[in-house]
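Data first, discussion second: the structure below is written as structure tokens.
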Amino acid sequence: MKYLKKKAKEIKDVTFLAQGTLYPDVIESVSPTGGPSAKIKSHHNVGGLPKKMKLKLLEPLRELFKDEVRTLGKEIGLPKEFVSRHPFPGPGLAIRCVGEINQEKVDLLRKVDSVFVDQIRKHGLYDEIWQAFAALLPAKSVGVMGDQRTYNYSCALRAVTSVDGMTADYYPFSHNFLGETSARIVNEVKGINRVTYDITSKPPGTIEWE
Amino acid sequence: MKNLNHEKLLIIDFGSQVTQLIARRLRELNIYSEIHPFQKISSVFLKEMDPKAIILSGGPRSVTDKDAPLPPKSIFNMNIPILGICYGQQVLMHMLGGKVKKSFKTSEFGRTKLRKTSASLDLLKGCFRKKHEDVWMSHGDSVSKIPEEFKVYGQSDNATYAVIADVNRRIYGVQFHPEVHHTPMGKKLLENFSKISGFKYDWTVESFRNKAIAKIKTCVGQNKVICGLSGGVDSSVTALLIHKAIGNKLTCIFVDHGLLREGEAESVVKMFKDNFKIKLIHLKEDKLFLNALKGVSDPERKRKIIGNLFIEVFEKKS
């Protein structure tokens, strides 16, 4: 705590707040009826922040599209694996634990997600896929492991291809891949006894579950 | 940070779903473009922006409506090339003495065959590998008459004036959408338009990087900057770029809400603190976030709670 206080003091005379706003966030949208009021989308990560803080904004990427940001990132020395990571929502795993969340659920989901992504990387599919992740479903289901009846959580795997995130198709994994992944998840993540694969396109579905 | 002194192309947006794609295609050609809504375009605006060319986007309205959205007439006095796409083409015709009819022929939606006429046109150079090219259409209204100075260079079954031009004034109109992937020759057409406009193709990520770093230096001066890190690519690139410009006048704040992927928080801290030696305040707030989310199951409320809490934590520490 002391360290933080000291740090906070040190940066007290801050005048600029930097944000990773991109061009698609700042393009003013035209209202379809042609009315005179053009709206500006508020940045989804930090909406409302600047007003409260009375800081000047510094948004050096506001002229760039996402893939240009990735190229720039590599240019200035970020590792390639880092800049090509799949998109991840600001609220994080909270909106991938369907319904109410708690520590146990978040931890379970994190493990499932990590096994799934590991499988995808191992099979060399990561860069073909726009976004891949696991969602924890709010329902427990009955299973049998060894001679024991289990009553555990079930999860859904989601992997989609897309050019821009506006429309998406589910990724056509082989049955071998799905079988292997399901076996690994149930074996490696205690507390999961059922794995499903989400085969909905966008539209009508969305990429995320919440 | 307003502009980085690149040559600019102005895209006037009339509300098409695919306007952004025009800018994307132009970026791929190393051309810097800006999209602005039609309401904002005035003579003063045009003079200040000083574009090298203008593209009028498509849009959902009809120029036959009384209150149809239109650009100021002054765009025609700037002596720069203009390309109208779909609704944009109809705008040109409406303002320059042609005619547009509601469903003049049948509407066209989706893939359509475009035929060349006998006359050749700089805009279509190299676009036709065969007599017909697939183009993507999406229109109800059609141009039904063109002014004398204009000629037809391309037609489809339901669009008599699918490509028109006044070559002397360098004003072009196309009924189809060259900016979408479903129009394979579209990129070539936009490239031709940029050649006609005399662009130098000076927009590259390298040139952006150098100019952006210089801008940040001037803009920040001796002041200090804070930057919130989320673990994502956008905020990481922002932070690193600023660090390249102003070094340790930058402090990053990483609010770890405990909802990140496996190993993510550790890798952010390691990368920024250890590799890049950037000042980083790492706030581990997982308990705070989990408590606030207790008993909440509505997705929108979950998002709001996290967003607000993020701001609160960030504010407290800066």
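Counting other Cβ atoms within 10 Å as a rough exposure proxy, the listed residues B:F14, B:F45, B:F150 run B:F45, B:F150, B:F14 from fewest neighbours to most.
For the stretch A:52-100, the Stokes-Einstein estimate of translational diffusion at 25 °C and a viscosity of 0.890 mPa s comes to 180 µm²/s, using the Kirkwood hydrodynamic radius over alpha-carbon pairs. Averaging 1/r over each pair of different alpha-carbon atoms in the stretch B:8-197 and inverting the result gives 16.2 Å, the Kirkwood hydrodynamic radius.
Applying Stokes-Einstein at 20 °C and 1.002 mPa s to the Kirkwood radius of the stretch B:78-126, computed over alpha-carbon pairs, gives a translational diffusion coefficient of 159 µm² s⁻¹. Per-residue ellipticity at 222 nm computed for chain B from its helices equals -9500 deg cm²/dmol, with DSSP H segments shorter than 4 residues left out and the rest contributing -39,500 (n - 2.57). Using the alpha carbons alone, the radius of gyration of the stretch B:205-317 stands to its Kirkwood radius in an Rg to Rh ratio of 1.04.
Subtracting the Cα-Cα distance of A:A183 and A:E100 from their residue separation scaled by 0.36 nm leaves 27.2 nm.
Taking 0.36 nm per residue of separation and subtracting the Cα-Cα distance, full extension of the segment from B:N168 to B:R115 would add 16.8 nm. Each listed q (0.21 Å⁻¹) maps to a log10 I(q)/I(0) for the stretch A:91-210 from the Debye sum over equal C-alpha point scatterers, namely -1.24.
With a 10 Å cut-off around each Cβ of B:292-304, the average count of Cβ atoms from other chains is 4. Between B:E315 and B:F76, the simple label model (points 7 Å from Cα in the Cβ direction) yields a spacing of 5.3 nm.
Which entries of B:K73/B:K200; B:K52/B:K195; B:K113/B:K188 show an alpha-carbon separation above 23 angstrom in the structure shown? Result: B:K73/B:K200 exceed 23 Å. Diagonalising the gyration tensor over the Cα atoms of chain B and scaling each eigenvalue by 5 before taking the square root yields semi-axes of 47, 23, 18 Å, largest first. Residues of the stretch A:91-117 falling in the label zone of B:E266, defined by backbone nitrogen less than 14 Å from a point 7 Å along Cα to beta-carbon, are A:111, A:114. Each principal axis of the Cα cloud of the stretch B:238-277 was taken in turn, and the coordinate range along them, longest first, works out to 31, 17, 12 Å. Placing dummy labels 7 Å off each Cα toward the beta-carbon, the span from B:F45 to A:M166 is 2.2 nm. Share of pairwise Cα-Cα distances greater than 35 Å in the protein assembly as shown is 46 percent (whole percent).
Extension gain, A:H175-A:L125: 0.36 nm per intervening residue step, less the Cα-Cα distance, totals 16.5 nm. Counting neighbouring Cβ atoms within 10 Å and putting the fewest first, the residues B:D298, A:D113 line up as B:D298, A:D113.
As a proxy for reagent exposure, B:M95, B:M185, A:M166 were ordered by neighbouring Cβ count within 10 angstrom, fewest first; the result is A:M166, B:M95, B:M185. Centre-to-centre separation between the Cα atoms of the stretch B:150-223 and those of the stretch B:109-148: 17 Å. In units of the rule-of-thumb radius 2.2 N^0.38 Å, the stretch A:171-210 shows an alpha carbon radius of gyration of 1.38. Modelled spin-label separation between A:L57 and B:I213, with each label point placed 7 Å from Cα along the Cα-to-Cβ direction: 2.6 nm.
For B:K66 and B:K273, the FRET efficiency from 1/(1 + (r/R0)^6), where r spans their Cβ atoms and R0 equals 60 Å, is about 0.45.
For chain B, a simple Cβ point-charge model (Lys and Arg +1, Asp and Glu -1, everything else neutral) yields a dipole of about 380 debye relative to the Cα centre. The mean number of partner chain beta-carbon atoms within 10 angstrom of a residue's beta-carbon across peptide B:52-64 is 1.
No lab work stands behind these numbers, since they all come straight from the coordinates. Remember, it's a predicted structure, so these values are computed and weren't measured experimentally. Backbone-built Cβ (ideal geometry, glycine too); neighbour counts: all protein chains shown.
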